[in-house]
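Just so it is clear, none of the values below were taken in a lab; they were calculated from the coordinates. The model shown is predicted, which means the values in this text are computed figures rather than measured ones. Ideal geometry is used to build each Cβ from the backbone, glycine not excepted, and the neighbour counts take in all protein chains shown.
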Amino acid sequence: MDDRIHLRTVTPEELPDLIEPIYRLDRACLGDSAEARRKILERGLGDPDEAQTVSVAMREEQLVGACFGGSDSSVFTEQDLLQDLEGRLVPAHEVEIVSPARSLKYHAGTPNAHISLVAVDETQRGRGVASGLLHTFLKARQEQQFSLHVDPSNHTAIALYRQVGFLEAARRDKDGFLLYWGARTTLESILASRLKQHGAVEWPKTGHVLGSRAGAVVTPDPPPWQRHAPHMHPMRSRRQAPGLELTAGPATPSRRSLPR
């Protein structure tokens, strides 16, 4: 069995067929709250203003990871109250946080992409899938800052988000969920480094491929959706496939647990 994992962005034409598999994965990882996120995806099908960017991780033809998000206007409303770091209750669009270097300021009222879901199949955690999903998502968006909510009891997810550069910004008043914020430059740099550590190969215009758990050098066969394209055949030389980088995987598989 092919143990490699392909990471890519979903096209609008593919999304209707993937909503149900994403929902099942989401529910298996995060429980009943998956229903609300499915509705966010479904709303985006009919309203361009609420369209979501979706990145997926596929092992052969099986969905093993998903990440999606869109403009924070599709998530926040003026009525949402957040508790800022000083304990004040303020409307969502008035929350601010200044980065430790004081070089960037997060403000929920400015262009910002909100990530609604990062979910990885339990059997595939520890392989860099969550980092790959986030990196693929960022590459598909134009915003310079990103936010997400996380259950304060989900310590594994919180640890990951902090490791890749997210900062705690506020706490959502209605359910106590934490709001994390990150700047594109910081997130992309750290996520790219983590992908290299996991031996990822980047295919031009398609996404990353994660190698086997054994840590062997990845053989960059075309992903299933491109196997009909002869110009992307893996046996072509590097000169014919500019930008293709082969990286050896780690000697031993990572034991880091990724978010639910």
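Summarising the label geometry, the points placed 7 Å from Cα in the beta-carbon direction at Asp47 and Gln142 lie 2.0 nm from one another. For Ser116, nonlocal amide neighbours, meaning residues 5 or more places apart or on other chains whose placed amide H falls under 5 Å from its own, are Phe68, Gly69, Gly70.
Computed from phi, the 3J(HN,Hα) profile of the stretch 147-156 under the Karplus parametrisation 6.51, -1.76, 1.60 (θ = phi - 60°) reads 9, 7, 9, 8, 5, x, 8, 8, 5, 5 Hz, with x in place of Gly and Pro. Extending 7 Å from Cα along the Cβ direction at Glu60 and again at Thr156 yields two label points whose distance is 2.4 nm. One decimal place: the segment His149-Ser193 gains 13.5 nm when fully extended, by the rule 0.36 nm per residue minus the C-alpha distance.
Rounded to whole numbers, the Karplus 3J(HN,Hα) couplings from phi for the stretch 36-53 are 5, 6, 4, 5, 4, 5, 5, 4, x, 5, x, 10, x, 5, 10, 4, 9, 8 Hz, using 6.51 cos²θ - 1.76 cosθ + 1.60 with θ = phi - 60°, and x at Gly and Pro.
Distances between placed amide hydrogens fall under 5 Å for Val54 paired with Val10, all partners being 5 or more residues away or on another chain.
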